[in-house]
Amino acid sequence: MEENELPKIDLPEDWVIGTDINKDLLGLYTHYPVRLKCEIFVLCLEGEVEALVNLNEMHVHPNEVITLMPGSIFQINEIKGDLRIYFLGFSSKFIERGGQSHSMLDAIFLTLGRPAIPLKPEGAAMLEQYLQMLIAMYERFTEKIRREIAPNLYADIHTGISILYKSRQYDKNSLSKSELICRSFMQQVTQNYSQTRNVGWYAQKLGITHAHLCAVVKQTTGKTCVDIIAAMVIMDAKSQLKSTNLTIQAISDSLNFANISFFGKYFKRYVGMSPLEYRKL
């Protein structure tokens with residue numbers, strides 16, 4: 001793990017599939033933000049999960065498919081009931097070797113801001129059968145064969161996800177111009193919050209005025225641009241304070257603050273205590 005980044009989750013093999021996610025395991029990530037290096041697809045059949053994905057609240061219900069893209073910041077807030085979940089994940093090394101295919105780029109755009117999509121019960125049952133078949137293949141095949149089938153599996157999954165979203169009209173054409181601006185803003189913040197907190201910079205990046213960006217984001221999300229950027233910065237700072245031994249100066253530098261005093265005041269404004277006080281909690 002690089003020193004100036006959130007704790008990261010990755011996978012040891014090209015792809016991994018299973019059902020052995022339980023409440024205790026997910027509980028390890030409750031109120032604890034992590035950044036995914038891998039890409040994960042989840043089918044929830046029973047139970048509910050409340051989580052944050054890149055600051056968007058997500059309520060996962062039975063018969064929903066969740067797509068978590070590499071780079072996503074993920075935090076679980078609450079788990080309800082007995083979970084029955086299937087998961088399929090692809091490692092960062094596999095993704096880096098294969099590059100970003102058209103199907104992956106398509107899926108990234110379609111799922112941005114909407115990582116969960118509901119299925120009809122019969123659709124969820126069909127997907128469960130497919131995942132059960134993949135589990136049987138995973139357990140039977142050698143690692144060499146699993147590596148060989150990974151590219152086709154990866155392409156098929158993304159194509160399937162894209163079809164699901166497009167069939168629900170979750171594509172670009174179904175979003176208002178304001179929603180598109182918000183999604184683009186959130187994507188830029190997720191990628192650049194550790195480098196700049198300047199709203200004007202994001203507006204310029206999106207090709208719109210500062211005032212228009214602020215008005216659209218406030219109207220669509222109920223939050224200000226400054227609050228959205230700050231939430232990402234604070235989430236990262238909290239994670240580094242709790243999960244690393246980095247000095248507060250190093251954390252301040254990693255988030256591109258001019259000096260440690262400015263970082264301390266910024267943190268206290270949003271958290272109500274100093275970085276050191278938070279670390280000692």
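Bear in mind that the values in this text are calculations on the coordinates, not laboratory data. Everything quoted here is computed from the prediction, not taken from an experiment. All Cβ positions, glycine included, derive from the backbone under ideal geometry; neighbour counts span all protein chains shown.
Key figures for this structure:
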| read-out | value |
| --- | --- |
| Net charge contributed by nearby residues that have their C-beta within less than 12 Å of residue 242 (K/R +1, D/E -1) | +2 |
| Acute angle (nearest 10 degrees) that the helix 210-221 long axis makes with the longest principal axis of the chain, alpha-carbon atoms | 50 degrees |
| Segments 183-191, 68-76 sorted - mean Cβ within 10 Å per residue, highest first | 68-76, 183-191 |
| Charge sum, other residues only, whose C-beta stays under 15 Å from residue 213's C-beta, Lys/Arg counted +1 and Asp/Glu -1 | +4 |
| The range 54-98, dipole about Cα centre (Lys/Arg Cβ +1, Asp/Glu Cβ -1), debye to the nearest 20 | 220 debye |
| Inter-label distance for residue 269 and residue 210, nm, one decimal - labels placed 7 Å from Cα along Cα-to-Cβ | 1.4 nm |
| Among 231-241, 135-145, the order from most to least packed when residues are scored by Cβ within 10 Å on average | 231-241, 135-145 |
| Per-residue [θ]222 nm for the chain (sum of -39500 (n - 2.57) over DSSP H runs n ≥ 4, rounded to 500) | -16500 deg cm²/dmol |
| Candidate lysines - alpha carbon under 19 Å from residue 8, same-chain residues fewer than 8 apart omitted | 37, 93, 238, 242 |
| Cα gyration tensor shape for the range 122-281, rounded if a/c is under 1.5, else prolate or oblate | oblate |
| Acute angle (nearest 10 degrees) that the helix 143-167 long axis makes with the longest principal axis of the chain, alpha-carbon atoms | 70 degrees |
| Ascending count of other beta-carbon atoms within 10 Å, so fewest first, for 227, 253, 14 | 227, 253, 14 |
| Cα long-axis angle, helix 177-192 against the chain (0 to 90 degrees, to the nearest 10) | 80 degrees |
| Karplus-derived 3J(HN,Hα), 6.51/-1.76/1.60, for each residue of the range 200-205, Hz, glycine and proline x | x, 4, 5, 4, 4, 4 |
| Interchain or long-range residues, amide H under 5 Å from residue 32's placed H | 76 |
| Mean separation of Cα contacts under 8 Å (6+ apart) over length of the range 199-281, as relative contact order % | 17 percent |
| Cα lying deepest toward the dipole's positive end in the chain, options 263, 124, 281, charges on Cβ | 263 |
| GNM result for the chain, Cα springs below 10 Å: residue of 264, 207, 89 fluctuating most strongly | 207 |
| Environment charge at residue 222 (Cβ cut-off 15 Å; Lys +1, Arg +1, Asp -1, Glu -1) | -1 |
| Per-residue HN-Hα couplings for the range 114-124 [Karplus 6.51, -1.76, 1.60; θ = phi - 60°; Hz; x = Gly/Pro] | 9, x, 10, 9, x, 10, 5, x, 5, x, 5 |
| Cα centroid separation, the range 204-281 to the range 35-101 (Å) | 24 Å |
